1. Apply the a/c threshold of 1.5 to the C-alpha gyration tensor of the stretch 338-428 and tell me whether it is rounded, prolate or oblate.
2. In the Gaussian network model of the chain, springs joining C-alpha atoms below 10 Å, which of 211, 50, 269 carries the largest mean-square fluctuation?
3. Would you look at the GNM of the chain, springs on alpha carbons closer than 10 Å, and say which of 289, 180, 403 moves the most?
4. I need the semi-axes of the equivalent ellipsoid of the chain: take the C-alpha gyration tensor, multiply each eigenvalue by 5, square-root it, list largest first in whole angstrom.
5. Quote the relative contact order of the stretch 221-315 in percent (integer), defining contacts as alpha-carbon pairs under 8 Å separated by 6+ residues.
6. Any idea how far apart residue 43 and residue 204 come out in nm if each label point goes 7 Å out from Cα toward Cβ?
7. So for 255, 225, fewest C-beta neighbours within 10 Å to most, what's the order?
8. When a/c reaches 1.5 or more, the comparison of a/b and b/c decides; with that in mind, is the stretch 70-116 rounded, prolate or oblate per its Cα gyration tensor?
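Every read-out reported here was derived from the displayed coordinates using simple, explicitly stated rules and does not represent laboratory data. Everything numeric in this text was worked out from a predicted model, so none of it was measured. Reconstructed Cβ throughout: ideal geometry from the backbone, glycine too, with neighbour counts over all protein chains shown.
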């Protein structure tokens, strides 16, 4: 290959998944990880909650924006959107003290693509302004596929557990995030997205999207009673898109630049500091400038390098959208007890997602009145780009307001142990 051809070849797409890295990640299962990057919100302030609802979710519900309104609800306070915890929580795990610990956690799958394909949340109590959360992270499981349909090469599917705690160790929420680690060059070689083109909208199509925004229905202060819900009930459609660079920027404002992948990337000197620590996270663009791997979410040329028609969103954004569809339907006095999302394709810039929902089941468990619901997001190519199943607690005319469910004993025990160990380190 000539020098000119070598220089024009996209950089940072040839990294491979090694057996050693797979074995090392398996050894991490259940072990609390030290997080180099700080929480976007150390404390869940009114502003942090408001910015998250605005930028990450696109939700103008006053429950997440106005303290005076929140005081009139079942929760007696402004609260955070259901999945807000992913932007908050101080990690108390200490830096690795030994060379062996550092080696165990140093730089897995360097230069390999990492793609969010969904996850599962269990939510135990609201997050209110002033709450101080603590965040514990560990690997929960590791699965290897020698040849995937996406990359045509080896992939590793890992599931991480994120436990969010109060200062006394009580779980607020637990999130199990699932990622596919795939060799980046494979997506271009397989040509899976070779025929996908960015959609060019007609004026009429934009007008129809605008009508969906205008007619978005939020249940709000009117309770949705458990007795009134029937299996087969449908949600009113809600729209998100067409996805743009502005949406990605606003997501960063609400979720935090630190939270995207946990790499601690940032602007200017912060970016330089990250490049010193994580050289494999950067590759040079055609101008010779080191750029972070996550530029795939806004850089058209980088997307084309990998055989993709356009940059794409963060999977966590679509999980947030599914939760938004649920809160619009269920009303402010209800509660999402659990939600599981499945993300199996890209949501490219220019794509529009229409979210619909349906009630699958309703049941009684002791003092709890529950409904099981499904939410689907469908793009303009009629592809389902996100699906979610959730369990919602609804108020009941007969039995009264929502009573929150308790975390299981294993999570409560882990939380108590983590806070106790942290206190011992402070005393020492």
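1. Verdict is oblate for the stretch 338-428.
2. 269
3. 289
4. 35, 29, 19
5. Answer for the stretch 221-315 is 15 percent.
6. My value for the distance between the label points is 5.5 nm.
7. Fewest-to-most Cβ neighbours within 10 Å comes out as 225, 255.
8. oblate
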